[in-house]
1. Mind pulling the angle between the C-alpha long axis of helix 116-125 and the longest principal axis of the chain? Nearest 10 degrees, somewhere in 0 to 90.
2. Arranged from highest to lowest average of other beta-carbon atoms within 10 Å per residue, in what order do the peptides 89-99, 137-147 appear?
3. Mind checking Rg over Rh on the stretch 181-281, alpha carbons, Kirkwood formula for Rh?
4. For the chain: lysine pairs with Cα atoms under 19 Å, gap of 8 or more or different chains, count?
5. Charges only on Cβ, +1 for Lys and Arg, -1 for Asp and Glu: so what's the dipole of the chain about the Cα centre, in debye to the nearest 20?
6. For the stretch 1-158, place one equal point scatterer on every Cα, skip the solvent, and apply the Debye formula. What is log10 of I(q)/I(0) at q = 0.14, 0.20 Å⁻¹?
7. Calculate the length of the line joining the C-alpha centroid of the stretch 19-62 to that of the stretch 110-152, in whole Å.
8. Please check: in the Gaussian network model of the chain (C-alpha springs, under 10 Å), which one of PHE77, PHE62, PHE13 has the largest mean-square fluctuation.
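What follows draws every value from the coordinates through simple rules; no lab data is involved. Quick caveat: nothing in here was measured; it's all calculated off a predicted structure. With ideal geometry, Cβ positions are generated from the backbone for all residues, glycine too; neighbour counts draw on all protein chains shown.
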Amino acid sequence: MNLIIQGGALPTFLLERIVTATGASSVEPRPPQVVRLKGTRRTPEFDALIPLIEAEKLDWAFIASGKKLSDFGLICFDMDSTLITIECIDELADFAGKKAEVSAVTEAAMRGEIDYRESLRQRLALLAGLDARVLARVFGERLLLSPGARELLEACQNAGLRTAILSGGFTYFTERLRIELGFDFATSNELEISGGKLTGRVVGDIVDATAKAHHLARLTDELGLKKDQVIACGDGANDLMMMAQAGLSVAFRAKPATRAKADVAINFGGLDSLLNLFDNE
């Protein structure tokens with residue numbers, strides 16, 4: 001097992017304690033700002049050091065020795081606050097003058113305090129009557145890719161992985177990202193529009209946590225892959241079922257409950273820091 005610590009300078013005293021706590025057989029610095037400890041094991045003594053590691057704003061992860069990116073066949077991303085920096089529904093609400101109300105419900109849903117389906121219904125109802133042209137403004141003026149997203153995606157595509165967006169967000173955004181970035185698949189909710197205005201509803205069934213997990217399982221099967229050949233990246237409670245369908249689950253700048261259940265948590269670095277976990281091809 002390898003332990004990768006990255007994102008900044010690792011103090012010598014802390015490195016020495018980590019080596020002792022994990023029984024590392026060797027330490028391999030990898031510029032820029034990555035340290036790979038080989039022959040490690042996770043122990044209670046290491047867990048006691050986690051607050052010190054994170055106080056230095058460093059990310060850490062254990063991963064099987066010899067694991068390469070090309071060992072995987074599919075990577076999927078949640079969209080809002082994972083692949084991109086914003087929650088699209090909150091930005092739509094801003095144009096409706098209801099961002100505070102909608103954002104509060106979004107946060108509660110991402111923490112798992114409100115059922116996602118119910119939270120979406122509540123938030124969409126507040127957007128009823130909003131001019132649909134606002135969708136283009138959010139995409140063009142406010143939507144930004146998360147740090148490292150493009151680099152991670154390009155590396156995965158070059159390594160032969162298929163790529164997917166599985167989102168409880170909206171097709172207006174996922175489809176444009178799919179086209180712009182070359183994703184193979186995208187699944188999300190379609191906003192209902194009538195007379196050029198949002199109705200406050202979606203077309204068809206809501207894509208929630210269960211649906212996202214179902215779509216990932218279906219894609220895995222259709223591509224002839226095994227679970228351990230799948231990577232899933234998310235940030236909230238609505239992603240946990242999807243992440244459980246993957247051999248490697250990644251929590252990106254996620255809520256505490258999501259971080260706790262993920263194989264890897266990226267709290268400080270960009271999405272592309274995931275690449276540092278793997279051995280060179």
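1. 40 degrees
2. Working: 89-99: 19.7, 137-147: 15.4.
Final packing ranking: 89-99, 137-147.
3. Details: Rg = 16.0 Å, Rh = 15.3 Å.
Rounded to two decimals, Rg/Rh equals 1.04.
4. So the count of such lysine pairs works out to 14.
5. Details: 32 positive and 39 negative charges, 34 e Å.
Value, rounded to 20: 160 debye.
6. -0.89, -1.17
7. Computed from Cα coordinates, the inter-centre distance equals 36 Å.
8. Highest fluctuation of the listed residues: PHE13.
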